[in-house]
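None of the figures in this text is laboratory data; all of them are computed from the coordinates on show. A quick note: this is a predicted structure, and the numbers were derived from the prediction, not measured. Cβ atoms come from the backbone with ideal geometry, glycine included; neighbour counts cover every protein chain shown.
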Amino acid sequence: MFSYNPLWKLLIDKGMKKEDYRLAIGMGRSTLAKMGKNEYVSMEILDKTCTLFGVQLSDIVEHLPQADE
């Protein structure tokens with residue numbers, strides 16, 4: 001599972017609202033909602049995000065190990 005918590009922290013540090021971020025990269029509301037639920041989004045969205053902020057993928061997404069069932 002992946003988490004976008006590093007991205008949300010980055011937005012706070014930059015003083016940017018999620019809606020402003022969404023508009024800056026031309027992302028739909030449904031994609032932003034997916035990110036809010038830690039669901040998969042396209043690499044294009046992640047690429048645009050990295051380009052917007054000048055960061056690496058690891059700065060906006062983190063991998064969460066799954067608990068054994």
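Here are the numbers for this structure:
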read-out: Rounded tilt (10° steps) of 5-14 against the dominant C-alpha axis of the chain; value: 30
read-out: Cβ charges +1 (Lys, Arg) and -1 (Asp, Glu), total dipole of the chain, debye; value: 400
read-out: Helix-only [θ]222 nm of the chain, DSSP H runs n ≥ 4, -39500 (n - 2.57) each, per residue, nearest 500; value: -15500 deg cm²/dmol
read-out: The chain, relative contact order in percent, only Cα pairs under 8 angstrom and at least six apart counted; value: 54
read-out: Proximal lysine pairs, region 1-49, alpha carbons under 14 Å, eight or more residues apart or interchain; value: 4
